[in-house]
Ligand code: AMP
């Protein structure tokens, strides 16, 4: 039995080396020594996902539960915990500090008492995830409290990070995959394939140890990674690449993977979370309109603004009415997140389902069949009312026409797919090309910044952006940009902004407006959280526009005009 202390030491070592290969070596050495039951949980622990998306279990521990458990286990006043948190910004270090104060002379593991094992910690996490109903809050706290009362400071550091599933040791999915392949002498491709099919790193590790990786396949009721699309370089180039393509609308909605097992239906989101309870009309539509005993279906749900469908549980034929438009993306997210009063929201935000692929049918995986055969099977089992329309053509004119129709209807663009391609779980490749209009970039003023965390604590990790209100000369914020930046770029930017700091409040800084960032984004959304009333979705830094002065920044009027122009959407939301 491997102690949790050994795992905590591994995490500390991994955290302290900076090279990816060194990290992988350390993890591989650790995994190679575990027995099968430990191996089924440790890879998830390392990635900070205690429960695989196969299990439907959710830890449900937020900072407040964590700190209450710590306070109780160590008799530490909550105010002290809050001030430690302000000082370190790291829940793991807070936990280590609190536990350290509780037992200055030693802890169980030092004085030869019972040590926590990896399996025991996992059992406690299971009890936390299973806690439900009125007493669930208490049950979660009691289990965590037990763990903290047994833990050494180092163990407490990683118990806390695991509880909130944020490990910060710099090893993600790819790193753990490589470590498994190294530990058990399997090829990285085989490990990746197995993981994309099962989404369970523990299962993959155990199978790698047994040498049975190739036996893993699609499993009904367990989500598999979704196939993804690459950005095409326009219709002619994409068709040149593909020859004859399966042309479909790129619907403006949210991805769903639907598992039908007899009369039982489960729906998973793009992030492979189980969202079945939030989408009752999709469950009913699948039960009523899929003629298969078992199937895994891939598609998009779209929220429709003025639906011609009478009730949300009753699907009409999948012709989109003239007056129907997709609602803004946030509306669908509201549906996905809603746990209570789902029926009421379903009336306000009705959803339509468009199926475009089939992964599994009547007991068998069909991922290795070409798209055109999967589509034929899909057409056999699914009522036409649920099918995404598809046209096979190599003509740029035909594709242009479908593209125009999709944009006119308020959707995102086109998907051009290779009809001979297999379904490649988790892969973003040339067999699915997306075509969509390029959003114009915005030139925005950097008005604030935030220090990074962990490894990036000494770097400014994200930047607050503002647009200009010409009448007043004020800068109105439109959100933060954090992505698109390498450590090296961040360190240059940090140097540049150090001289512009106006005030520092905790982790956040106010900056003298002097620098313009050119920012790309996926969409502009209305947002009450920012003084402009708008926010950028998925912003990323394109360039630092040293050549531009603040007066040349984009105005709030331009933000509003772009918001209105995006994809001809009705801007009711
Ligand atoms: P993106 O999110 O921009 O990478 O585009 C890929 C996403 O487009 C998929 O994950 C789906 O959610 C969505 N999508 C909409 N229509 C289709 C379609 N006909 N085929 C595949 N994906 C689609």
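For residue 364 and residue 57, a Förster radius of 22 Å and the Cβ-Cβ distance give a FRET efficiency of 0.20, rounded to the nearest 0.05.
Label-to-label distance, residue 6 versus residue 127, with points set 7 angstrom from Cα along the beta-carbon direction: 2.4 nm. Compared with the direct C-alpha span, the chain from residue 342 to residue 439 gains 31.5 nm at full extension, assuming 0.36 nm per residue.
Among 530, 158, 360, 563, the ranking by other beta carbons within 10 Å of each residue's beta carbon, starting with the fewest, stands as 563, 530, 360, 158. Label-to-label distance for residue 488 and residue 136 is 4.7 nm, based on points extended 7 Å past Cα in the beta-carbon direction.
Cβ crowding within 10 Å ranks 198, 244 as 244, 198, fewest other Cβ atoms first.
On the basis of the beta-carbon distance and an R0 of 30 Å, residue 543 and residue 505 show a calculated FRET efficiency of 0.55. Here the calculated FRET efficiency for residue 550 and residue 233, from their Cβ-Cβ distance with R0 = 35 Å, stands at 0.50, rounded to the nearest 0.05. Rounded, prolate or oblate: which one fits the chain, using the alpha carbon gyration tensor with axes a ≥ b ≥ c (rounded when a/c is under 1.5, else prolate when a/b beats b/c, else oblate)? Cα axes put the chain in the oblate bin.
Within the chain, antiparallel bridges make up roughly 90 percent of the DSSP beta bridges whose residues both belong there. If the segment from residue 474 to residue 333 were pulled out straight at 0.36 nm per residue, it would be longer than the present Cα-Cα gap by 47.5 nm. Mind jotting down the distance between the C-alpha centroids of the stretch 165-238 and the stretch 535-551, whole Å? First find each Cα centre; the distance between them is then 35 Å.
Taking 0.36 nm per residue of separation and subtracting the current Cα-Cα distance, fully stretching the chain between residue 210 and residue 557 would add 118.7 nm.
Readers should treat all values here as calculations from the given coordinates under stated rules, not as data from a laboratory. All values reported here derive from a predicted model rather than from experimental measurement. Reconstructed Cβ throughout: ideal geometry from the backbone, glycine too, with neighbour counts over all protein chains shown.
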